[in-house]
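The values are calculated or read from the model by the stated rules, or taken from the named source; none is laboratory data. This structure is a prediction, so every number in the text was calculated from the model and none was measured. Note that we place each Cβ from the backbone using ideal geometry, even for glycine, and neighbour counts take in every protein chain shown. Just the protein is used for accessible areas: all its heavy atoms, side chains included, with ligands, DNA and RNA removed. Shrake-Rupley method; radii C 1.70, N 1.55, O 1.52, S 1.80 Å.
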Amino acid sequence: MLGIAILGAGDIANVHIEAYQALHNRCEIRALADIFQDKAEAKCRKYGLACDVVADYHELLERKDIDLVSICLPPSAHCEAVVDFLRAGKHVLCEKPMAPSLEECDRMIAAAKAGGAKLGVVAQNRFKPDIMRTKKLIDSGVLGQIYFAQANSLWWRGDNYYNLWWRGTWEKEGGGCTFIHAVHHIDLFLWLMGDLAEVSAMVSNQNHQNSEVEDVSISTLRFQSGAVGAVIASLLHHGEEQKIIIDGANGSIEIPHKAMASRQKSNGYPEPDNEMQKKMEDLFGSFPDLKYRDHCGQIENMITAIETDSNPLITGVDGRRTIELITAVYQSAFTGEKVTFPMGEKDLFYTRKGLLSKAVRFHQKTKSVENYADTGIQVGGTL
Ligand SMILES: NC(=O)c1ccc[n+]([C@@H]2O[C@H](COP(=O)([O-])OP(=O)(O)OC[C@H]3O[C@@H](n4cnc5c(N)ncnc54)[C@H](O)[C@@H]3O)[C@@H](O)[C@H]2O)c1
């Protein structure tokens, strides 16, 4: 039975608590930590948890009965807490985005190695049956050579979203829609498409007055495979219709699921290739369903990794890859230069100091609340 601690008793903590409770045969929540201790106490009451509540997470570092820690803190607080627990030999599942800089990601990965503990980074959308099937379909090679891919990570948030104290500044939130929202699509995009070679980008803040950070970004990419692509992220799309498109020589596949295949007529115009389309759909449908999905799927995967001493599906190295693309978007947008991969210490934006020295403050944040009267979030968009 694994002992669990959860840091941060805000919105996403609900999803973690519900997943651990669903897996009660294998784990037990033993502590909740939040700087607002009353929030953690209210959470215990809401979920009927008989666990310890602390305001300072350092009190939990030496606890022998805690094996795995869920980090549900604002992104700028991830690195310090993750490193502290990994060094104490505790396994850690860190919420997305891993951290606002590659330097912090590297410290987290190094701490996992040093402490001999496992580090997982949340990317719960991989644990959706159709997304797992898309990955298997692409890996099967049925699409042939992949030429082009696009992620439309389109969301909608009103200005009130940025009133929360830690949101809307480069320092505390760490980034805008690319970092906080498109991180979901970027994780999938890189998982499906492989390593990057170069990125060029622009960012802007079109309509969020209480925020320094971007609410739209447009990036063009070249992959090491030779494929090219684009990532578009925004908080401006009423309807939040999100999509990933992957175009191969033999067919195209999309998330949400759609498979299409065309062949050419004598004049080069397309006609449906029904045979290929059937082949793609049959293969897609042959991959099994998932017993556990979304956060519950990822938490179950993390627990299995600990029980069997194997790697979780999404490690610190995977979390870092996503941050690498996001860092490239900011570095390219704010320096006006193309970024080549891999990124590392040579890059100005490798550290948070570099990002803070060059990032444009689009607006000054003037309103701030400690907590909202309304709680509740939407997780996952239309993926
Ligand atoms: N995977 C997803 O789909 C998803 C969705 C929403 C949020 N998130 C991520 O979850 C994290 C938290 O987001 P949220 O929406 O729950 O925010 P939130 O503000 O609702 O919750 C964060 C909590 O952390 C507490 N906190 C801050 N600093 C602390 C510290 N040093 N020690 C202890 N407690 C501290 C705050 O008081 C707050 O209660 C972020 O990284 C966010 O990006 C992930």
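Take the alpha carbon gyration tensor of region 153-193, find the square roots of its eigenvalues, order them as a ≥ b ≥ c, and report rounded if a/c is under 1.5; if not, report prolate when a/b exceeds b/c, else oblate.
Values: a/c = 4.30, a/b = 1.92, b/c = 2.24.
It is oblate, given that a/c is not under 1.5 and a/b is not larger than b/c.
Can you list residues whose amide H is under 5 Å from Asp52's amide H, if they're 5+ apart or on another chain and H is modeled 1.01 Å from N?
Under 5 Å from the amide H of Asp52 lie the amide H atoms of Ala31, Leu32, each far enough along the sequence or on another chain.
By how many nm would the segment from Leu283 to Ala230 grow when fully extended, if each residue of separation counts as 0.36 nm and the alpha-carbon distance is taken off?
On the way: separation 53, 0.36 × 53 = 19.08 nm, distance 2.69 nm.
Separation in residues times 0.36 nm, less the Cα-Cα distance, equals 16.4 nm.
Go ahead and set up a Gaussian network model of the chain, Cα springs under 10 Å, then flag whichever of Gly268, Gly354, Gly158 fluctuates most.
Of Gly268, Gly354, Gly158, the Gaussian network model singles out Gly268 as fluctuating most.
My understanding is that a pair violates if its Cα-Cα distance is over 19 Å; which of Lys172/Lys358; Lys136/Lys291; Lys43/Lys96; Lys96/Lys346; Lys172/Lys365 do that in this structure? Can you show the working numbers first?
Working: Lys172/Lys358 16 Å; Lys136/Lys291 17 Å; Lys43/Lys96 21 Å; Lys96/Lys346 25 Å; Lys172/Lys365 12 Å.
Going by Cα-Cα distance, Lys43/Lys96; Lys96/Lys346 fall outside the 19 Å limit.
Could you go through region 159-176 in sequence order and give the Karplus-derived ³J(HN,Hα) for each residue, using 6.51 cos²θ - 1.76 cosθ + 1.60 with θ = phi - 60°, rounded to whole Hz, and x for Gly and Pro?
The phi angles translate into 4, 4, 3, 8, 6, 4, 3, 8, 8, x, 10, 4, 6, 8, 8, x, x, x Hz.
With springs only between Cα atoms under 10 Å, which of His78, His185, His363 fluctuates most in a Gaussian network model of the chain?
Of the options given, His363 has the highest mean-square fluctuation.
Percent of accessible area on the chain owned by carbon and sulfur, 1.4 Å probe? Kindly include the intermediate steps, with their values, before the conclusion.
On the way: 8090 of 16580 Å².
Taking all protein chains in place, the chain shows 49 percent carbon and sulfur surface.
What shape does region 107-263 take by its C-alpha gyration tensor, where a ≥ b ≥ c are the square roots of the eigenvalues and a/c under 1.5 counts as rounded, a/b above b/c as prolate, and the rest as oblate? Please list the in-between numbers first.
Working: a/c = 1.95, a/b = 1.34, b/c = 1.46.
Taking the square roots of the gyration eigenvalues as a ≥ b ≥ c, region 107-263 is oblate.
GNM, the chain, Cα, under 10 Å: largest mean-square fluctuation among Ile218, Ile186, Ile323?
Its mean-square fluctuation being the largest, the pick is Ile218.
Using +1 at the C-beta of Lys and Arg and -1 at the C-beta of Asp and Glu, which of Cys79, Leu68, Ala33 has the Cα lying farthest in the positive direction of the dipole of region 26-154?
Positive-most Cα among the choices belongs to Leu68.
Can you tell which of Asn152, Ile138, His16 lies farthest toward the positive end of the dipole of region 1-160, using +1 and -1 charges on the Cβ of basic and acidic side chains (Lys, Arg; Asp, Glu)?
Projecting each Cα onto the dipole axis, the largest value belongs to Ile138.
To the nearest 20 debye, what charge dipole does region 269-383 have about its Cα centre, counting +1 at the Cβ of each Lys and Arg and -1 at the Cβ of each Asp and Glu?
Working: 14 positive and 17 negative charges, 194 e Å.
Here region 269-383 has a charge dipole of around 940 debye.
Please give the net charge around Glu59, taking every other residue with its beta carbon less than 14 angstrom from that of Glu59, where Lys and Arg add +1 and Asp and Glu add -1.
Details: positive: Arg30, Arg63, Lys64, Lys90; negative: Asp34, Asp52, Asp56, Glu62, Asp65, Asp84.
Here the charged neighbours net out to -2.
Under unit Cβ charges (Lys, Arg +1; Asp, Glu -1), what dipole magnitude, rounded to 20 debye, does the chain have relative to its Cα centre?
Roughly 380 debye, rounded to the nearest 20.
Residues in region 80-95 near a label at Arg63, defined as backbone nitrogen under 17 Å from the 7 Å Cα→Cβ point?
Output list for this probe position: 81-94.
Can you run the Rg to Rh ratio on the chain? Use alpha carbon positions and the Kirkwood inverse-distance Rh.
Working: Rg = 21.2 Å, Rh = 21.7 Å.
Over the Cα atoms of the chain, Rg/Rh equals 0.98.
Working out 0.36 nm times the residue gap between Glu240 and Asp309, then minus their Cα-Cα distance, what length gain in nm do you get to one decimal? Each step should come with its number before you reach the end.
Working: separation 69, 0.36 × 69 = 24.84 nm, distance 3.89 nm.
Fully extending the segment from Glu240 to Asp309 adds 21.0 nm.
Take Phe148 and Thr340, extend 7 Å from each Cα along the Cα→Cβ direction, and tell me the distance between the two endpoints in nm.
The answer from the label model is 2.6 nm.
Compute and list, largest first, the equivalent-ellipsoid semi-axes of region 234-318 from the alpha carbon gyration tensor, each √(5λ) rounded to a whole angstrom.
Details: eigenvalues 250, 73, 30 Å².
The equivalent ellipsoid of region 234-318 has semi-axes of 35, 19, 12 Å.
Please report the antiparallel percentage of DSSP beta bridges with both residues in the chain, rounded to the nearest 5.
Numbers: 35 of 63 bridges.
Around 55 percent of the beta bridges assigned by DSSP in the chain are antiparallel ones.
Under a Cβ-only charge scheme (Lys and Arg +1, Asp and Glu -1), can you give me the dipole magnitude of region 1-133 about the Cα centre, in debye to the nearest 20?
Values: 17 positive and 19 negative charges, 115 e Å.
Computed charge dipole of region 1-133: roughly 560 debye.
Taking R0 as 22 Å, what FRET efficiency do you get between His24 and Arg45 from their Cβ-Cβ distance, rounded to the nearest 0.05?
Values: r = 18 Å, r/R0 = 0.83.
FRET efficiency, His24 to Arg45: 0.75.
Can you list the HN-Hα couplings for region 259-272, worked out from phi with the Karplus curve (6.51, -1.76, 1.60; θ = phi - 60°), rounded to whole Hz and with x for Gly and Pro?
Along region 259-272, the couplings run 10, 9, 9, 10, 10, 8, 8, 5, 8, x, 6, x, 9, x Hz.
Using the charge dipole of the chain (Lys, Arg: +1 at Cβ; Asp, Glu: -1 at Cβ; taken about the Cα centre), state which of Tyr57, Thr308, Gly285 has its Cα farthest towards the positive end.
Toward the positive end, the furthest listed residue is Gly285.
Over the chain, average the accessible area per residue using a 1.4 Å probe and give it in Å², no decimals.
Each residue of the chain exposes 43 Å² on average to a 1.4 Å probe.
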